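One structure is given here, and the rest of the page talks about it.
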Amino acid sequence: MSNDNSGNILIAILTGAIIGAGAGILYAPEKGIKTRKKIKKGALKTKEDITHRISQAADELTKTAEEKKVDFEQKLEDTISNMSYKADDIILTLEKKLEDLRQKNAQLQK
């Protein structure tokens, strides 16, 4: 959840920076060709920054997903193992009950 919020904040900051830089360049008293070059340079830098941040976010997401997968697999294995022990306990209890019934049946048949 916090990664989603930080991503939204990052997008808001980048958008504000782009708008601010664009407005500053457009109102600066320079010739049109220089202004266009500055806008292009700023847009390319922003594109590189966004690409880098998206790459970082994707790497972080992949890492988190892998950690969650390993955690899930371990919990699943623990649960299956635990259920196996419980099944063994149930079988032992049933075998004891069956033996008790056999003994009672043997006594009744005498």
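Throughout, read-outs are computed from the coordinates displayed, never taken from laboratory work. This one's a predicted model, so the numbers in the text were calculated from it and none came from an experiment.
Listed values, structure above:
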{"item": "Choice from Ala17, Ala58, Ala87 showing the highest fluctuation, given a GNM over the chain with Cα pairs closer than 10 Å", "result": "Ala87"}
{"item": "Whichever lysines have a C-alpha closer than 20 Å to that of Lys40, once near sequence neighbours (fewer than 8 apart) are set aside", "result": "Lys31"}
{"item": "Rg to Rh, two decimals, where the chain supplies the alpha carbon set and Rh follows Kirkwood", "result": "1.66"}
{"item": "The chain, helix-only ellipticity at 222 nm - DSSP H runs n ≥ 4, -39,500 (n - 2.57), divided by all residues, nearest 500", "result": "-35500 deg cm²/dmol"}
{"item": "Proximal lysines to Lys96, defined as alpha-carbon separation beneath 27 angstrom and excluding residues fewer than eight positions away on the same chain", "result": "Lys86, Lys104, Lys110"}
{"item": "Straight-distance crosslink candidates among aspartates and glutamates, where the alpha carbon sits under 18 Å from Lys38 and sequence neighbours closer than 8 are dropped", "result": "Glu30, Glu48, Asp49"}
